[in-house]
Amino acid sequence: MPHSEYLLELKNIRKWFPIDQGIIQNYLRRKNPATLRAVDDVSICIRHGEVFGLVGESGSGKTTIGRLALRLIDPTRGTVVFDGEDLSELSPNELRQKRRKMQVIFQDPHASLNPRMTIGDAISHPLEIHQPERLENKKDIILDVLERVGLIPPENYIDKYPHQISGGQRQRIVIARALVTQPELILADEPIAMADVSVRVLLLELMRKLKDEFNLTYLYITHDLATAKYICDRIGILYLGRLVEVGNLDQVYTNPLHPYTQALLEAVPVPDPEFRRTKPLPRGEIPSPINPPSGCHFHPRCPIAQERCSKEEPRLRELGTEHTVACHFAEKFL
Ligand code: SF4
């Protein structure tokens, strides 16, 4: 039985990295050292069986949040709670046991698989670390999980090396390796970004099928709002380390209340040469997280920014059932 309504809770998580600017700059800035504010006071609660999408441009902090969620790195501030237990209070041994329940699918299957390991060895490796008691049935377990990720007949794959199969098949192996320890939470960090376009939908369909079969919860990290819609139940939009909008699919895609979410949706490519955009895309590039803009981080690019925006940080406010937005003027879009 779950301990809590939520499988994963990130509570006011912050991750700031100190920046080494050389001896002279470090000395001059000793009272106010430069920091990269990768994640700034982010709170996310993910229910059992839910697919929560974290969407943002590169540099928004989404991958850092994923690593914090699995406690692969420690937060500067805030807590990570997994199934009711604060991960910072667990001993190294208890944390290792918890990690069996939290697995990762990374973006690049080529880099995630050891080229000298057969597929069978790669899939069984997590069992050696987390569940050695199941190694007795290793071959049956590997064949079963290969079949479940659609690599049929599984006997044809178990002794192959990663370079002997296609990119899409490699990503299926990475998914199989994540499933073999019977996890509860899967962090999927841009899991289809490196796949051919023709394979992406198949991989998303596979992830949906496996979610039901294994009763999984996903934290799905992506820069791509279009694919997030395909698999997620709720979406959080990140901008420069802060959540700016959180809502269900209908709220985020049909009635976005934050100007940045609106801009991201406007930027989704439409396969129609006659299509003309009705709203301008935001000005310029995402600024550096080392010296983020004051107040609302989005104000230099926001089409409706006012004086208050550069002075006062907008807090997330609930403007609908579980629809939260960090914008002083979001009511304008209700
Ligand atoms: Fe734009 Fe101001 Fe809202 Fe930020 S707070 S999104 S700058 S209107």
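Only the coordinates and a few stated rules stand behind these numbers; no lab work does. This structure is a prediction, so every number in the text was calculated from the model and none was measured. Cβ: placed from backbone, ideal geometry, glycine included. Neighbour counts: every protein chain shown.
What FRET efficiency do you get for ARG208 and GLU312 if R0 is 35 Å and r is their Cβ-Cβ distance, rounded to the nearest 0.05?
0.25
In whole Å, how far is the Cα centre of the stretch 58-72 from that of the stretch 80-109?
So the two Cα centres are separated by 14 Å.
Mind giving me the nanometre distance, one decimal, between the label points for SER88 and ILE129, set 7 Å out from Cα along Cα→Cβ?
The two pseudo-label positions are separated by 2.4 nm.
Among rounded, prolate and oblate, which fits the chain when a ≥ b ≥ c are the square roots of the eigenvalues of its C-alpha gyration tensor, a/c under 1.5 means rounded, and a/b larger than b/c means prolate?
Prolate.
Apply the Karplus curve 6.51 cos²θ - 1.76 cosθ + 1.60, θ = phi - 60°, to the phi angles in the stretch 250-261 and return the couplings in whole Hz, x for Gly and Pro.
Here the 3J(HN,Hα) series is 5, 5, 6, 8, 9, 9, x, 10, 9, x, 6, 4 Hz.
Show me 126-132, 190-196, 257-263 ranked by packing, highest mean number of other Cβ atoms within 10 Å first.
Result, highest mean first: 257-263, 190-196, 126-132.
How high is the relative contact order of the stretch 1-127, in percent, counting Cα pairs under 8 Å that sit 6 or more residues apart?
Relative contact order for the stretch 1-127 comes out at 30 percent.
Compare the peptides 111-117, 144-150 by average per-residue count of other Cβ atoms within 10 angstrom and give them in order, highest first.
Those peptides, ordered most packed to least, come out 144-150, 111-117.
For the chain, what proportion of DSSP beta bridges, expressed in % and rounded to the nearest 5, is antiparallel?
In the chain, approximately 60 percent of DSSP beta bridges are antiparallel ones.
Rounded, prolate or oblate: which one fits the stretch 137-237, using the alpha carbon gyration tensor with axes a ≥ b ≥ c (rounded when a/c is under 1.5, else prolate when a/b beats b/c, else oblate)?
Taking the square roots of the gyration eigenvalues as a ≥ b ≥ c, the stretch 137-237 is oblate.
For a test of the definition: using alpha carbon positions, the gyration tensor, and the 1.5 limit on a/c, classify the stretch 87-200 as rounded, prolate or oblate.
In terms of gyration-tensor shape, oblate.
Have a look at ASN248, ASN12, ASN291 and tell me which one the Gaussian network model of the chain (Cα, springs below 10 Å) gives the largest fluctuation.
Evaluated over the chain, the most mobile residue of the options is ASN291.
For the pair SER294 and ILE73, what calculated FRET efficiency results from E = 1/(1 + (r/R0)^6), where r is the Cβ-Cβ distance and R0 = 30 Å, to the nearest 0.05?
The formula returns an efficiency of 0.65 here.
Say R0 is 25 Å: what FRET efficiency, to the nearest 0.05, do VAL197 and ARG276 get from their beta-carbon distance?
0.55
Setting aside same-chain residues fewer than 8 positions from LYS160, which lysines have a Cα under 30 Å from its Cα?
Hits, sequence-local ones excluded: LYS101, LYS138, LYS139, LYS209, LYS211.
What is the spin-label model distance, in nm, from THR321 to ARG116 if the labels are put 7 Å beyond Cα along the C-beta direction?
For the pair THR321/ARG116, the computed spacing is 5.7 nm.
Using a 7 Å offset from Cα along Cα-Cβ at ASN248, what residues in the stretch 209-237 end up with backbone N under 13 Å from the label point?
233-235
So, by mean Cβ neighbours within 10 angstrom, what's the order for 83-95, 317-329, 204-216, 63-75 with the highest one leading?
Descending mean neighbour count gives 63-75, 317-329, 204-216, 83-95.
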